[in-house]
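Only one structure is covered here, and it is reproduced in the block below.
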Amino acid sequence: DCGNTSIDTQIITIIDTTAPVFVSVPSDYTSECTAELVDEDAIASDNCSDVTVEVYDNVIPGLCSGEYTIARTFIATDDCGNTSVAVQNISIIDTRAPVFTDVPADYTAECSDDLSNQEASATDGCGDVDIEVIDQIIPGSCSGEYTISRVFVATDDCGNSAIATQVITVVDTTAPELTIPADY
């Protein structure tokens, strides 16, 4: 009451050791290799400061060129350097067969003609395509007539396949030439 004073000091140190918390992390999903990927952001919050979220993609190869997994890692960092990590897995698959872009047309040829063995072509949105040709000969009504069924099997790296067929009909419409000895 007489005005005498004493001073003392208390030091309160405020520290931030709590890592940010993810409020929203994109769900794992599976997508066809030809589809566009959906890039969603993760959202994190912190009880003391702003948060920065960085994204890193790690691509893990699959069993074929059209299949792989993207491990998308989100790292949330607050102003004091505390971090949290969340991961989204995106599985890329290839279930679609190749598409034929050119298949030789069916045709009919005379048995004496040279046959044209044209190749088929196909594309795939996810990888390379191999085309196997399987010829099957079906006998006709006489020895000069038959049918060739050319089956084209287009297969991509993941084992998806498509089939197209060309039919070549071989006919014998030419009469034999008769050679007659000269009169004498």
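Being out of contact with any helix residue (DSSP H, G or I) (no Cβ under 7 Å at 6 or more places or on another chain), part of a loop (DSSP other than H, G, I, E, B) and among the aromatic types (F, W, Y), is that true of even one residue in region 163-184?
Let us first name the residues in region 163-184 that are out of contact with any helix residue (DSSP H, G or I) (no Cβ under 7 Å at 6 or more places or on another chain), namely 163-184.
Imposing the further condition that a residue be part of a loop (DSSP other than H, G, I, E, B) reduces the set to 172-184.
Checking the rest, the ones that are also among the aromatic types (F, W, Y) come to 184.
Yes: region 163-184 contains one or more residues that are out of contact with any helix residue (DSSP H, G or I) (no Cβ under 7 Å at 6 or more places or on another chain), part of a loop (DSSP other than H, G, I, E, B) and among the aromatic types (F, W, Y).
Could you list, in sequence order, the residues of region 98-119 that are closer than 30 Å to C142 by Cβ and either in contact with a Cys (Cβ under 8 Å, 6 or more places away or on another chain) or among the hydrophobic types (A, V, I, L, M, F, W, C) (or both)?
V103, A105, A109, C111, L115
Say we look at region 51-66 and pick out the residues that are surrounded by 15 or more Cβ atoms within 10 Å (Cβ to Cβ) and modelled with pLDDT of 95 or more; which of these is nearest to the chain's Cα centre (by Cα)?
Within region 51-66, the subset surrounded by 15 or more Cβ atoms within 10 Å (Cβ to Cβ) is 51, 53, 62, 64-66.
Filter once more, so that each one left must be modelled with pLDDT of 95 or more: 51, 53.
Working: V51: 36, V53: 29 Å.
Among those that are surrounded by 15 or more Cβ atoms within 10 Å (Cβ to Cβ) and modelled with pLDDT of 95 or more, it is V53.
Going by the conditions given, is E36 within 17 Å of the chain's Cα centre (by Cα) and closer than 30 Å to C126 by Cβ? Give the derivation first.
On the way: within 17 Å of the chain's Cα centre (by Cα): yes; closer than 30 Å to C126 by Cβ: yes.
In short, yes.
Which of (1) surrounded by fewer than 16 Cβ atoms within 10 Å (Cβ to Cβ); (2) charged (D, E, K, R); (3) touching a residue at least 12 places away in the same chain (Cβ under 8 Å) is the odd one out, the single condition D1 does not satisfy?
(3)
Within region 4-20, can you find the residues that are open to solvent by less than 90 Å² (accessible area, probe 1.4 Å) and among the β-branched types (V, I, T)? Even if it seems obvious, please write down each step before you answer.
Keep residues of region 4-20 that are open to solvent by less than 90 Å² (accessible area, probe 1.4 Å), which gives 16, 18-20.
Passing the criteria: only T18.
For region 139-184, which residues satisfy the criterion of being under 30 Å from C126 (Cα atoms) and open to solvent by 90 Å² or more (accessible area, probe 1.4 Å)?
Within region 139-184, just I163 meets the criteria.
Of the residues D183, D157, which is acidic (D, E) and closer than 17 Å to E32 by Cβ?
Working: D183 fails: closer than 17 Å to E32 by Cβ.
Exactly one residue qualifies, and that residue is D157.
The values are calculated or read from the model by the stated rules, or taken from the named source; none is laboratory data. Everything numeric here is computed off the predicted structure, so don't read it as measured data. Positions of Cβ are backbone-derived with ideal geometry, glycine not excepted, and every protein chain shown enters the neighbour counts. Ligands, DNA and RNA are excluded from the accessible area calculation, which covers all protein heavy atoms including side chains. Shrake-Rupley method; radii C 1.70, N 1.55, O 1.52, S 1.80 Å.
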